[in-house]
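In what follows, a structure is listed as structure tokens, so that the remarks can point back to it.
A short reminder: the numbers here are calculations on the coordinates, not readings from a lab. Predicted model, so just to flag it, every value in this text is computed and none were measured. Ideal geometry is used to build each Cβ from the backbone, glycine not excepted, and the neighbour counts take in all protein chains shown.
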Amino acid sequence: MQALIQIEKLNLFYGAFHALKNVSLEIPQRAITAFIGPSGCGKSTLLRTLNRMNDMIQGTRIEGKIEIGGTDIYSGDVHVETLRKKVGMVFQQPNPFPKSIYDNVAYGPRLHGIRGKKQLDEIVENSLKAAALWDEVKDHLKRSALSLSGGQQQRLCIARALAVEPDILLMDEATSALDPISTLKIEELAQELKDKYTIVMVTHNMHQAARVSHQTVFFLNGEVVEYSDTEKLFSDPSDQRTEDYISGRFG
């Protein structure tokens, strides 16, 4: 599979703390890549470098290179707003805006200059359909997004991310706050979306990584220990530390 994201010798510091250590990875296009590892190992930190969310944390310093589609996203020529349009993100806790379902999805397109009602209606419908939520909410688009269940809110956040037509969707523990049925719906949705989007997910749930991802990266203490096809990593890991983690000996 062709790489869309290339990370070379990436080091990230929060003040004096060395959070990511010499990370080099290629993440393939239109596939699901899972980041696994114990809490505090650097997987969410790396995920947030891909849309420069770490820029918001004071004292952050980055060395190395991240290219998306051949463009160095930390070069001075890259506008962060443009980058975040290309690289959408869904967080651990569903975070819909205190607005209507419709306005949540239309928010991004409006921000980028789309004002026509017909075009917005189309984007909202298509995004909700892509997030497998349209049939549940199509008759209630003016209702507050906060009235939805947790699982519906998370799918709405996915629809909101898709509405600006990103290339990449980042999912940071996107199902950890959800019940098993909602989790399954999000996993099924990710499987459907991978044909159009490159998905990178952080998960504590190794069963989830094994079920839905094509590639898995195992992190430990800010370093990549192992990166391979998911099936191989779980059935025949190359590193003893990976074996110890997936068999539950630590973490």
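With unit charges on the beta carbon (Lys/Arg positive, Asp/Glu negative), name the residue among Pro180, Gln152, Leu169 whose Cα is farthest towards the positive pole of the charge dipole of the chain. Of the candidates, Gln152 comes out farthest on the positive side. Taking a straight line from the alpha carbon of Lys21, these lysines sit under 18 Å away, with near neighbours fewer than eight places off in the same chain left out: Lys9, Lys43, Lys65. Would you kindly calculate the translational diffusion coefficient of the stretch 1-71, applying Stokes-Einstein with the Kirkwood radius from alpha carbon pairs, for 20 °C and a viscosity of 1.002 mPa s, and quote it in µm² s⁻¹ without decimals? In µm²/s, the coefficient rounds to 168. About the centre of its Cα atoms, the stretch 25-93 shows a dipole size close to 240 debye [charges on the beta carbon of Lys, Arg (+1) and Asp, Glu (-1) only; nearest 20 debye]. The residue among His207, Ile57, Leu46 whose Cα reaches farthest toward the positive pole of the charge dipole of the chain, with charges on the beta-carbon of Lys, Arg, Asp and Glu, is Ile57. Ordering of 79-92, 193-206 by packing is 193-206, 79-92, highest average first (other Cβ atoms within 10 Å, averaged per residue). Sequentially through the stretch 206-223, phi angles give Karplus couplings (6.51, -1.76, 1.60; θ = phi - 60°) of 5, 5, 5, 4, 5, 6, 10, 8, 8, 10, 10, 10, 9, 9, 8, 6, x, 10 Hz, Gly and Pro residues having no value and appearing as x.
The fewest-to-most ranking of His214, His112 by surrounding Cβ atoms within 10 Å reads His112, His214. For the chain, the Kirkwood hydrodynamic radius from C-alpha pairs, put into Stokes-Einstein at 10 °C and a viscosity of 1.306 mPa s, yields a diffusion coefficient of 85 µm² per second.
Could you tell me how many degrees, from 0 to 90 and to the nearest 10, lie between the Cα long axis of helix 117-130 and the main elongation axis, the longest principal axis, of the Cα atoms of the chain? It is inclined by approximately 50 degrees. This ranking places Phe250, Phe35, Phe97 by how few other beta-carbon atoms lie within 10 Å of each, fewest first, which gives Phe250, Phe97, Phe35. From least to most packed, judged by other beta carbons within 10 angstrom and beginning with the fewest, Asp244, Asp172 follow the order Asp244, Asp172.
With N as its number of residues, the stretch 1-142 has a Cα radius of gyration that, divided by 2.2 N^0.38 Å, comes to 1.24.
Cross-link partners for Lys142 among the aspartates and glutamates, with Cα-Cα distance under 19 Å and sequence neighbours closer than 8 places in the same chain left out: Asp103, Asp121, Glu122, Glu125.
Distant-in-sequence amide contacts of Ser100, defined by a placed amide H-H separation under 5 Å and a gap of 5 or more residues or a different chain, comprise Ala145.
Under a model in which nothing but the beta-carbon of Lys, Arg (+1) and Asp, Glu (-1) is charged, the chain shows a dipole of about 860 debye around its Cα centre. In this label model, Asn11 and Phe97 are separated by 4.0 nm, measuring between points 7 Å along each Cα→Cβ vector. Determine the shape class of the stretch 41-94: with a ≥ b ≥ c the square roots of the Cα gyration tensor eigenvalues, call it rounded for a/c under 1.5, and otherwise prolate if a/b is greater than b/c, oblate otherwise. Note, shape of the stretch 41-94 comes out oblate. Put simply, the amide H of Leu220, placed in the peptide plane, has neighbours under 5 Å in Val225, leaving out anything fewer than 5 places away on its chain. Using only side-chain charges placed at the Cβ, +1 for Lys and Arg and -1 for Asp and Glu, the dipole size of the stretch 125-214 relative to its Cα centre rounds to 160 debye. Listed by chain and number, the aspartates and glutamates placed with their C-alpha closer than 12 angstrom to that of Lys85 are Glu165, Asp167; residues fewer than eight positions away on the same chain are left out. Principal-axis analysis of the Cα atoms of the chain puts helix 180-193 at an angle of about 90° to the longest axis. Among Gly108, Asn22, Gly37, flag the residue with its Cα farthest along the positive direction of the charge dipole of the chain, charges on Cβ as +1 for Lys/Arg and -1 for Asp/Glu. Comparing the listed Cα positions along the dipole, Gly108 ranks first.
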